[in-house]
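Working notes, beginning with the structure itself.
The values are calculated or read from the model by the stated rules, or taken from the named source; none is laboratory data. Predicted, not measured: the structure shown is a model, and the values here were computed from it. Accessible surface is based on the protein model in full, side chains and every heavy atom, while ligands, DNA and RNA are left aside. Shrake-Rupley method; radii C 1.70, N 1.55, O 1.52, S 1.80 Å.
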Amino acid sequence: MTALDTAFAACGVLAVVGGLLAVTTRHVVHAALWLVVALLGVAGSLLVLGAELVALVLVLVYVGAVVVLVLFALMLTRAPIGPDRAHAVGGWRSAGAALLGLTTAGLLATVLVPLADGSVRRADVASRQVAAQLFGTWVWPFELLSLLLLAALVGALAVARRPAAEGAS
């Protein structure tokens, strides 16, 4: 096992732990911050694999824009910061979710473990080719995403500026 294998495994564990904590925490702000950890773990995995451009785009678009927008919208709309007890689920739902997660992991392992023997060869793709596709062919979806984020930000500002209801303290 090489140092790159160890770094990839560490980034993978960081991404999985961050993702699990993001979906299991009861604090909305903590969930957004754990999502940042999970996305940085995925970006680290991409760096180890040699896809520097994709890792940079992931950090810039998702961590730099989407998560910051979510946190900004939470703060503007005065969403409750503490634990959300109104949407608490019972033990049977948690057990069902765990069973579903284990089933999904088992199916993925069934498909991916046979490929670990080295029979799959890595395609040699340069960052220049990925950049040409990403910023040439796929530039319009990125632009539409930026308009969607702008609309969400304007909506959050509109909700935050709405006057308080009469009789509310």
Along region 23-33, what does the Karplus equation 6.51 cos²θ - 1.76 cosθ + 1.60 (θ = phi - 60°) give for ³J(HN,Hα), rounded to whole Hz, x for Gly and Pro?
8, 9, 6, 9, 8, 5, 5, 4, 4, 5, 5
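Determine Rg/Rh for the chain; Rg is computed over alpha-carbon atoms and Rh is the Kirkwood hydrodynamic estimate from the same atoms.
Values: Rg = 20.3 Å, Rh = 19.4 Å.
On the Cα set of the chain, Rg over Rh gives 1.05.
With every protein chain present, what is the per residue accessible area of the chain (1.4 Å probe, Å²)?
Numbers: 12360 Å² over 169 residues.
Value returned for the chain: 73 Å² of accessible area per residue.
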What length, rounded to one decimal in nm, is gained on full extension from Leu49 through to Ala3, with 0.36 nm per residue of separation minus their alpha-carbon distance?
15.3 nm
In sequence order, what are the phi-derived ³J(HN,Hα) couplings for region 97-109 according to the Karplus relation 6.51 cos²θ - 1.76 cosθ + 1.60 with θ = phi - 60°, rounded to whole Hz, with x for glycine and proline?
5, 5, 5, 5, x, 5, 5, 4, 4, x, 5, 5, 5
